[in-house]
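For reference, the structure discussed in these notes is given below.
The values are calculated or read from the model by the stated rules, or taken from the named source; none is laboratory data. The structure presented is a predicted model; accordingly, all values stated were derived computationally and were not measured. Glycine gets a Cβ as well: all are built from the backbone with ideal geometry, and neighbour counts include every protein chain shown. Just so you know, the surface numbers come from the protein's heavy atoms only, side chains and all, with ligands and any DNA or RNA stripped out. Shrake-Rupley method; radii C 1.70, N 1.55, O 1.52, S 1.80 Å.
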Amino acid sequence: MIVASPKPVTELKEIVAAHDKILFVGCGTCVTVCLAGGEREVGIYSYAMRMARRLAGRPIDIEQVTIERQCENEFIKDLAPAVERNQAVLSFACGAGVQALAERFLNRPVYAALNTQFLGILEDQAVWTEKCLGCGDCMLAQFGGICPVTRCAKRLLNGPCGGSTEECCEIDKDRPCAWQVIYKRLKGIGQLDRLEQIVPPKDWRPAWHGGARKIIRQEHRV
Amino acid sequence: MTAAHTQPGASAANKGAWEPEIIAFCCNYCAYAAADLAGAQRMQYPPNVRVVHSPCTGKIEMEHILAALEKGIDGVLVAGCLEGGCHFIEGNLRAKHRVEHIRGILDEIGIGADRLRMVNLSAAMAPTFVERVREIVDTVTNLGPNPLKESAQQGVVSK
Ligand code: SF4
Ligand code: SF4
């Protein structure tokens, strides 16, 4: 899922400083699961913002709503009346959701309440780790299902580097060396021979280096 | 959550002077029982505290605390079991982290973290309960009224 984290209240206060009637929109999908932008966080940040603004002598009127998904027009369109009766929108979705709102509601500012971080998983209670960069040409089959593109700090495709230890990556003691994980995993599934092959340089064209990507699936078009 | 005990601010109305209004969210298995015991033993503590009976401090959502402060309450005490003694194993540890998070927000928005405090005690620790109540009443008395109090009482609160 997409993992995000909330911006500090101080920054949000700056962002909405010009408005005194605003719509806070939560998203019921990824950011709800990662406890950053669901109904609950919208509630908590509304309390904080109202109090902060009252203390600053400029009360703010906040309307709260959380929709199923902010990245799909089907769910966004019902927001129109609420957007209309407010001066601006503070979106608690990932960057994609914020932009979806911004492109739909042309006459209202739409601001991001979260810092969108990465594609990852819930590793432990309230601990998320990054697993995929969305490189557009997945190589997981070669590496026993562990992504060196994302999880090796140097993105080595023929690792490990000289600084690797069994415990951790040389750049961060809290992070396992991706290549140690790859080695253990390939050993476990009897595919250590894969390490004999030299992996050629990665073709980055399918990744975002060519600008924002677009996918069209003709078989599902109407 | 159920009933309240004492009448907060009752003495303030009589004297016309500001007296802190404190909410104590008390876990059923420790602080609530300790407050009960304190009462049964006729121990005196400031009447500024309204006790809110909670099944566990882990059940106290951040929104409950923020809502109380937005409505103008001067201080909030979250009273749970001793660490390691939670009847739901880790409810009080969850509460501790939530309280810390809200204290950070309170500092950020200018209300001040000191208006919110979490304490740990057992059901038998009535004197400790009384002491913690006195401490937060003192702290909040020194801080003065919640700056949101006035506008809250004018009905500005929207929720
Ligand atoms: S190889 Fe690319 S698509 Fe596959 S997990 Fe790694 S970053 Fe993601
Ligand atoms: S220690 Fe491992 S993960 Fe870290 S940079 Fe070197 S090979 Fe990559």
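Residues of segment A:91-110 include none that is within 16 Å of ligand 2 (Cβ to nearest atom), modelled with pLDDT of 95 or more and assigned to a strand (DSSP E or B). Any residue at all in segment B:84-96 that's part of a helix (DSSP H, G or I), within 10 Å of chain A (Cβ to nearest Cβ) and surrounded by fewer than 22 Cβ atoms within 10 Å (Cβ to Cβ)? So far as segment B:84-96 goes, yes, one or more of its residues are part of a helix (DSSP H, G or I), within 10 Å of chain A (Cβ to nearest Cβ) and surrounded by fewer than 22 Cβ atoms within 10 Å (Cβ to Cβ).
What is the one condition in (1) free of Cβ contacts under 8 Å to residues at least 60 places away in the same chain; (2) closer than 26 Å to A:E39 by Cα; (3) buried (at least 22 other Cβ atoms within 10 Å of the Cβ); (4) not aliphatic (A, V, I, L, M) that B:T57 does not satisfy? The single condition B:T57 does not satisfy is (1).
Being more than 10 Å from ligand 1 (Cβ to nearest atom) and either buried (at least 16 other Cβ atoms within 10 Å of the Cβ) or of a type in the set (A, V, I, L, M, F, W, C) (or both) is the filter here; which residues of segment A:155-171 pass it?
Within segment A:155-171, the subset more than 10 Å from ligand 1 (Cβ to nearest atom) is A:156, A:158-171.
Result: A:L156, A:G159, A:P160, A:C161, A:S164, A:C168, A:C169, A:I171.
Within segment A:127-140, none of the residues are more than 16 Å from ligand 1 (Cβ to nearest atom) and under 30 Å from A:A88 (Cα atoms). Filter segment A:120-139 for residues that are more than 16 Å from ligand 2 (Cβ to nearest atom), away from chain B (no Cβ under 14 Å) and free of Cβ contacts under 8 Å to residues at least 60 places away in the same chain and give the result. Passing the criteria: A:E123, A:C138. Contact map, segment A:194-218: first residue over 21 Å from A:A96 (Cβ atoms) and in the same structural domain as A:W179 (by TED's automatic domain parsing), second residue part of a loop (DSSP other than H, G, I, E, B) and open to solvent by 100 Å² or more (accessible area, probe 1.4 Å), Cβ cut-off under 9 Å, separation 6 or more or different chains; pairs are A:K202/A:R155. Picking from A:L35, A:L23, which residue would you name as being within 26 Å of A:N107 (Cα to Cα) and surrounded by 15 or more Cβ atoms within 10 Å (Cβ to Cβ)? Step by step, each of A:L35, A:L23 is checked, and only A:L23 is within 26 Å of A:N107 (Cα to Cα) and surrounded by 15 or more Cβ atoms within 10 Å (Cβ to Cβ).
Taking the numbered list (1) away from ligand 2 (no atom under 16 Å from the Cβ); (2) polar (S, T, N, Q); (3) exposed (fewer than 15 other Cβ atoms within 10 Å of the Cβ) in turn, A:Q117 passes all entries but (3).
Here is a check on your reading of the model: is A:C177 at pLDDT 95 or above and near ligand 1 (Cβ under 9 Å from one of its atoms)? Working first, answer last.
Details: at pLDDT 95 or above: yes; near ligand 1 (Cβ under 9 Å from one of its atoms): no.
The answer is no for A:C177.
Screening A:D172 against (1) within 27 Å of A:C34 (Cβ to Cβ); (2) away from ligand 2 (no atom under 14 Å from the Cβ); (3) without any contact (Cβ under 8 Å) to a residue 40 or more places away in the chain leaves a single unmet condition, (2).
Please enumerate the residues belonging to segment A:140-157 that are within 10 Å of ligand 2 (Cβ to nearest atom) and under 20 Å from A:D193 (Cβ atoms).
Keep residues of segment A:140-157 that are within 10 Å of ligand 2 (Cβ to nearest atom), which gives A:148, A:151-156.
The answer is A:P148, A:L156.
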